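Visitor: Have a look at the structure that comes next, please.
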Amino acid sequence: MFDSLAEKLQATLSDVRSRGTLTEDDVNAAMREIRLALLEADVNFKVVKRFTNAVKERALGSDVIGQLNPGQQVVKIVNDELAELMGGESAELRFSSSPPTVILMAGLQGSGKTTATAKLARLLREQNRSSVAVAACDVYRPAAVEQLITVGARAGADVYERGTDADPVEIAKWARERAEREGKDVLIVDTAGRLHVDENLMKELAEIKRVTNPTNVLLVVDAMTGQDAVNVAEQFAEVVQFDGVVMSKLDGDARGGAALSVKSVTGKPILFASTGEKLDQFERFHPDRMAQRILG
Ligand code: GDP
């Protein structure tokens, strides 16, 4: 994950760390390296600028220069700021005091929504949310309903589906009522994506949101698409209020840009990270742990 970025940052910081003394020029040089590494990792350029300025300000402003082990302190500042960039504190799902807690999954086609729906169901089941149902409202993508029937069952969730002929808003409404009737703890609603953000998608999503009254709206974005993932999140944010992000496909050759920029650009935290095609390759996202993982 973020191999190339991690390698470059670690090389720069290892150089900084090993110095007995540190001048302002050394800090500036290190920041230039870090800036390049972040830009190459497809981090939004405004975010990069803010980040390196924040690190520089803290490093130069806190009398790090001239102190014992100044390099260590700069490394710590970079670590803190990187965690802050990704949201600081880990963000939490909200649970409704009157079940079901409804979680609406939004995102473009292929972003990993259906997979994340089942993965989240599995994770919640593991956390003792005893009865989880998933609703198959993606009636447009070929085989999405079939896919959810398979992976949803594997995740230990009840799959609420009405094939591909019914209207997605109708299915969503029906699923919410059924979850209430059956006393489900959690209902996760898989919605239809499109290849691009378009008016129809947004209208449908807004309608599904209205009829399901979700406790959480999660936007699934594909980390491998880098800046595009962040642009998509920005476009969604303009139309459908979402609470947090599921960053999918953080394995593979994701360069890291999306994970590092999305909170800063949209103001919404990453709640979960998906790191593979298997059901259990899904975890809560912790900015501090992620920063440590990147910096080694
Ligand atoms: P949807 O159209 O948004 O519902 O997307 P899917 O859930 O069907 O995912 C699209 C493709 O991405 C599928 O082939 C999934 O197996 C794959 N996929 C989903 N999440 C991940 C992930 O975290 N890592 C990897 N490598 N592949 C993923």
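The values are calculated or read from the model by the stated rules, or taken from the named source; none is laboratory data. Because the structure is predicted, anything quoted here is derived from the model rather than measured. Don't worry about glycine lacking a Cβ; one is built from the backbone with ideal geometry, like all the others, and counts go over all protein chains shown. These area figures cover heavy atoms from the full protein model, side chains too; ligands, DNA and RNA do not enter into them. Shrake-Rupley method; radii C 1.70, N 1.55, O 1.52, S 1.80 Å.
Visitor: E207: net charge of surrounding residues, Cβ under 12 Å, Lys/Arg +1, Asp/Glu -1, itself excluded?
Guide: Working: positive: K173, K203, K209, R210; negative: D167, E170, E204.
Neighbour charge sum, excluding E207 itself: +1.
Visitor: Still on this structure, I have one more. At a 10 angstrom cut-off on C-beta neighbours, averaged per residue, how do the peptides 240-246, 2-8 rank from highest to lowest? Could you put the intermediate results ahead of the total?
Guide: Values: 240-246: 21.1, 2-8: 16.7.
Highest-to-lowest ranking by the protection proxy: 240-246, 2-8.
Visitor: Same structure, new question: Among T212, A192, A41, pick out the residue whose Cα is farthest towards the positive end of the charge dipole of the chain, where Lys and Arg carry +1 and Asp and Glu carry -1 on C-beta, about the Cα centre.
Guide: Of the options given, the answer is T212.
Visitor: Report, please, the projected area of the stretch 99-238 averaged over directions, based on the convex hull of its C-alpha atoms, in nm². Display every interim value, and only then the final one.
Guide: Working: hull surface 30.6 nm².
Dividing the Cα hull surface by four gives the mean projection, 7.7 nm².
Visitor: Roughly speaking, what % of Cα-Cα pairs in the chain are separated by over 26 Å, rounded to a whole number? Present the calculation step by step, with values, prior to reporting the outcome.
Guide: On the way: 20157 of 43660 pairs.
Percentage above 26 Å: 46.
Visitor: What's the ranking of 16-24, 71-79 by average number of surrounding C-beta atoms within 10 Å, highest first? Intermediate results must be reported in sequence, preceding the final value.
Guide: Working: 16-24: 14.0, 71-79: 19.9.
Top of the packing list down: 71-79, 16-24.
Visitor: With the full set of protein chains in place, find how many percent of the accessible area of the stretch 170-220 is carbon and sulfur; take the probe as 1.4 Å. Before the final figure, lay out the partial values.
Guide: Details: 980 of 2260 Å².
Carbon and sulfur: 44 percent of the exposed surface of the stretch 170-220.
Visitor: So which lysines pass the test for K268, namely a Cα distance under 20 Å, with those fewer than 8 places away in the same chain ruled out?
Guide: K268 reaches K46, K49, K113, K209, K249.
Visitor: Something else about it: Taking only protein heavy atoms and a 1.4 Å probe, what accessible area per residue, in Å², does the chain have with all protein chains in place?
Guide: Numbers: 13420 Å² over 296 residues.
Value for the chain: 45 Å² per residue.
Visitor: Please turn the phi angles of the stretch 275-284 into ³J(HN,Hα) values with the Karplus equation 6.51 cos²θ - 1.76 cosθ + 1.60 (θ = phi - 60°), one per residue in order, whole Hz, x for glycine and proline.
Guide: Rounded to whole hertz, the list is 10, x, 7, 6, 4, 8, 8, 7, 8, 4.
Visitor: Another question about this same structure. Any chance you could tell me what percent of the C-alpha pair distances in the stretch 1-114 go past 21 Å? It would help to have the intermediate numbers written out before the result.
Guide: Values: 3138 of 6441 pairs.
Here the long-distance tail beyond 21 Å is 49 percent of all Cα pairs in the stretch 1-114.
Visitor: Please compute P(r) over all alpha-carbon pairs of the stretch 61-137, binned at 5 Å starting from zero, and give each bin as a whole-number percent.
Guide: Each 5 Å bin holds this share of Cα pairs: 3, 11, 15, 14, 12, 10, 7, 6, 7, 8, 4, 1, 0.
Visitor: Packing-wise, with mean Cβ within 10 Å as the measure, how do 126-132, 142-148, 173-179 rank, highest first?
Guide: Details: 126-132: 14.1, 142-148: 18.0, 173-179: 20.3.
Top of the packing list down: 173-179, 142-148, 126-132.
Visitor: Next question. Quote the charge dipole size of the stretch 1-86 about the Cα centre in Debye, to the nearest 20; the model charges only the Cβ of Lys and Arg (+1) and of Asp and Glu (-1).
Guide: Values: 11 positive and 14 negative charges, 30 e Å.
Dipole of the stretch 1-86, to the nearest 20 debye: 140 debye.
Visitor: What's the local net charge at V132, with K and R +1, D and E -1, over the other residues with C-beta under 9 Å away? Show your work: numbers first, answer last.
Guide: Numbers: positive: R122, R125, R129, K184; negative: D158, D185.
Result for the neighbourhood of V132: +2.
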